[in-house]
Each structure stands twice: as structure tokens, then as C-alpha cells.
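Input: a single structure, listed below in C-alpha cells.
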Amino acid sequence: MSTLRLFITPGWPQEQRACRWALVSATGEILQHGQSEPRHWPGVVAPEDRPEKAAPAERQACDLILCGSQVNALAVKLPRGAAGQRPEVIAAACEDLLLDDPADCQFSPPPDGFSVTGPDGDVCLAFISHARLSALAATLGELGLQPRSAWPLGFLLPERDGRRLAWAEDGNLTLPHPDGSFLNLDLTGELALWQEQLASDGFALPLAVVNRESTAAGRQFLEAAIAAGYLSETAAAPPSDALRPPPPGGLLNGRLAPPRASRNWLERFRRPLRLAVGLALLAGTLVFLDWGRLAWQAQAYRQAIEAEYRQAFPEGALVDPLLQMQRQLDRLRQNSGQLASTDLLTLLAPLGEIGGELASERLDYDGSRLNVVARLEAGELAALTERARQLGLRLAVSRREGQGNSLSASFSLSPDLAR
């Protein structure tokens, strides 16, 4: 997607309507360029052709390159780490260095971020009046444009041989400082008198300057500064794409931050959906592995029981190892005078151990199973089931009627062969 790059001077749009612009592709190639009024800019839609509510993604994105004295730079001391990037911390650090209230200004570090540039740990910041920048954003919004970023020209100056170049255009001169900051001067007759002051402020003189000045008076003052020896005109002025590509944001932050592009619900929930699917696959794999482990254990137990049965009764026919082993144990117990698992007294044992009074209506014993019809409480039925399990018996409820705590139930008690 192409981006409209606008070079905003201090007098735009009140004093002059024309503005230099360049349409840049996503790869940084300049597709069109010129200097004209807004109605001739690419992406500007006539008021009668604009939709009432156009989404930010449907508007032509634009980058604001702020020239001249409307934006300045200063060096301040900030805490290291994320604490030094908080707006309230930056405002407090700049309060003693500004004439205006820091709350009425917009601040931004260089495109490289919050990096220490000075020997005393100073951090370079650019600042502009909030009212000025918000007015520019509102004006461009009325033209159907969507501001994507706003950067001072001093942060985007081109380089040659590792040094940033100065820039002269539209009566303004931007001088880079070795610490990463910059200074904006007007092209006036007093420009030639700045040499001593610039040298004392640490500027590396002479400074090579890109001369894009179009007025005769501005070129005359610039030539005087070159003759004074602290500026030197570049052999060939680099094109507009020699500027550093402006990343999103910059001075457009906080209250003036551009709206984020809305994404559809599928794009928004793609990562959570991937995570949920991954967790579901992991849970399914673990369940499958656990099922396999339990199946292997059951098979191992059956083989062990079969081996025990073969060892104890080598001549017996093997049909159901569990049932046959239980019957043999019951026979041996009865021969030794003990109760077998299918004896009536064994099956009646849980009924005599529950806490309340069991109102049995019917008891049927068929030699291996005890069928009971009784009235009891719900808590007693749960306790009876648990006690039968502890004694190695299985309680199966076939009928359960009643409301509240009083129940009429039919159930059976039999040996639990699985145990």
C-alpha cells in the first residue's frame, strides 16, 4: 500500500496552501512527487465524493515530515527502562526546560527509540505544540487522509560518510547535532553570524547541507553562511527518498495516536483458536495413551489370574478365569467352615451396618444374588453402596422412587468379580 509523504512547513496551511509531497510505495520507491495545493494530492477526495464515515483503512495514509521552527529538540535525563518512556515521566523531566506546559506538548524520541546519546546520560526528544499537531491532523482528516506518523525533519536527515547532512528548504535550515538532536534556523541575514555559537554548542563544523531552497533571498543567505565557512553545499542534492523512512507513530502518540486497523474476528481469535486446538489435541493424545495403559494393565491382570488359576487347578477347564477362580475360592472357604462370597450372610452384611433403620419389604435369595425391596433414606442408600464396595460386593439399583429424602428402592447385592 502506498503512503503519501507530506513536508509540512510552519506556515501551512494558514500562510500558504502549497506543500511538497511524494507518493511512496511499500518498498520505499517514489511513485509520484510534486508541490501543489491539497486538491492535487494523490488520495484527496472531493467533499461531495467522500463517504460519511470512512474507515481509517479506506483512507489514504500519510506521513507528516515537520520542517522549521514548529518542532524542536532537547536533551533530558530520563530513568532507564520502561519507566523513562511513560508520558508523565517525560513531561516532568521537560517541565523546567520549556516555556509552555508539558501537558500542551507532544514528545517523541528518535525513530531508533529511547537511547542515551550524551555523556551525561541525556536522551534526545523532539517536541511540538499539541494544538498545532492536532490542528494538522484534523485538517488532513477533513481532506480524507489518515495521518500515520509525524516526525521532525531533523530525525530523518540523510547521511553521507557516516555523518548526517543539514537540510535547507522553504526558508528553513535544519542542522544535525552529533548527539542525535537538531537545530532549526530561519534563512535570514543573521545566519552568517551563527558560526561561533554553533561551534561552542558542539556542532561538527563545517556541515554539508542539502540545498533545496527555492527563494532567491533564502539562497542568498545560505550562500553567505557557506562563505562564512561553517556550511558546505553538497555536490549533488540527494532525492527525497534519501530521507530515512518514517516509521508509524512518532509525535502522533497518546491522545493523537492513529487508530489501529480493525481486524475481523477470525484474525483476532486466530491465536487463541490455535492454542485451543493444540490443547485439545494434547488432551486427546494423553487420554488415548492413558486408555492404552489401562487396557494393558487389565490384560496383564487377566493373564496373571489365568496363570494363577492354571497353577492352582491344572486340570480344570478354563472358560472365565475370574468367575472360575471365585467359585473355587468359595468352595474352599465352605469346606473350611468359612462364608463364601455368595452366601446369604455375606450378602446381608452391608444391610446390618447402615446407620438408620432399613424397612425391608422383600428379600429374595437365589443362591448367588440377594434382591431387596426396601424403604430407606437417600443418604442411607449412598452409604449402603459404599459399604458394599468396601466388602467386595456390587450393589445395582434397578428401581428408585420417591421425593425428598424418603425413597422406595429395589436393588441387588452380588459378589464383585472385578475386584
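Just to confirm a number: summing +1 for Lys and Arg and -1 for Asp and Glu over residues other than Val210 whose beta-carbon lies under 12 angstrom from that of Val210, what do you get? Don't jump to the answer; show the numbers that get you there.
Working: positive: Arg160, Arg164, Arg212; negative: Glu159, Glu169, Glu213, Glu233.
Within the 12 Å Cβ shell, the charges total -1.
The helix-based estimate of mean residue ellipticity at 222 nm for the chain, built from -39,500 (n - 2.57) per DSSP H run of four or more residues and divided by its residue count, is -9000 deg cm²/dmol to the nearest 500.
Can you bin the range 157-242 into rounded, prolate or oblate? Criterion: square roots of the alpha carbon gyration tensor eigenvalues sorted a ≥ b ≥ c, rounded for a/c under 1.5, prolate for a/b above b/c, oblate for the rest. Before the final figure, lay out the partial values.
Working: a/c = 1.62, a/b = 1.03, b/c = 1.57.
The shape class here is oblate.
At a Förster distance of 56 Å, what's the computed FRET efficiency of Val373 paired with Val277, Cβ-Cβ distance as r, to 0.05?
Rounded to the nearest 0.05, the efficiency is 0.60.
The GNM of the chain, with springs linking C-alpha atoms under 10 angstrom apart, assigns the highest mean-square fluctuation among Thr188, Thr342, Thr285 to Thr342.
Please figure out what share of the DSSP beta bridges in the range 157-242 is antiparallel and state it in percent, rounded to the nearest 5.
60
Between the helical axis of 378-390 and the longest alpha-carbon principal axis of the chain there is an angle of about 80 degrees. The packing ranking, built from the mean of other Cβ atoms within 10 Å per residue, places the peptides 196-208, 143-155 in the order 143-155, 196-208, highest first. The Cβ shell under 14 Å around Leu198 holds other residues with a net charge of -4, Lys and Arg each +1, Asp and Glu each -1.
First measure r as the distance between the Cβ atoms of Val397 and Gln311, then evaluate 1/(1 + (r/R0)^6) with R0 = 35 Å and state the FRET efficiency to the nearest 0.05. Each step should come with its number before you reach the end.
On the way: r = 38 Å, r/R0 = 1.08.
Step by step, r from the Cβ atoms, then E = 0.40.
Between Gln328 and Asp179, what length comes free when the chain is fully extended (0.36 nm per residue of separation minus the Cα-Cα distance, one decimal in nm)?
Length gained between Gln328 and Asp179: 44.0 nm.
At a Förster radius of 35 Å, what calculated FRET efficiency corresponds to the Cβ-Cβ distance of Asp416 and Thr285, to the nearest 0.05? The computed FRET efficiency comes out at 0.60. Each label was represented as a point 7 Å from its Cα along the Cα-to-Cβ direction; for Glu142 and Asp101 these points are 2.5 nm apart. Within the listed set Leu351, Leu279, Leu183, the residue fluctuating most in the Gaussian network model of the chain (springs between alpha-carbon atoms under 10 angstrom) is Leu351.
Across the range 74-89, coupling constants 3J(HN,Hα) worked out from phi with the 6.51/-1.76/1.60 Karplus curve, θ = phi - 60°, read 8, 10, 9, 9, 10, x, 6, x, 5, 5, x, 9, 6, x, 5, 5 Hz, and Gly and Pro carry x.
How charged is the neighbourhood of Pro350? Take every other residue with its Cβ under 10 Å from the Cβ of Pro350, and add Lys/Arg as +1 and Asp/Glu as -1. Intermediate values should be presented prior to the final figure.
Values: positive: Arg387, Arg389; negative: Glu353, Glu386.
Charge balance near Pro350 sits at 0.
Using only Cα atoms, tell me the angle between helix 270-312 and the longest principal axis of the chain; keep it within 0 to 90° and round to the nearest 10. That helix lies at roughly 20 degrees to the long axis. Under 5 Å from the amide H of Arg5 lie the amide H atoms of Ala22, Leu23, Val24, Asp63, each residue being 5 or more positions distant or on a separate chain, with H modelled from the backbone and absent for Pro and chain starts. For the chain, what is the percent of antiparallel DSSP beta bridges, rounded to the nearest 5? For the chain, the DSSP antiparallel bridge percentage is about 75. Spacing of the modelled spin labels on Ala26 and Ala91, each 7 Å from Cα toward Cβ, amounts to 3.8 nm.
Only the coordinates and a few stated rules stand behind these numbers; no lab work does. The structure displayed is predicted, hence computed values, not measured ones. Neighbour counts are summed over all protein chains in view; Cβ atoms, including those assigned to glycine, are modelled from backbone coordinates with ideal geometry.
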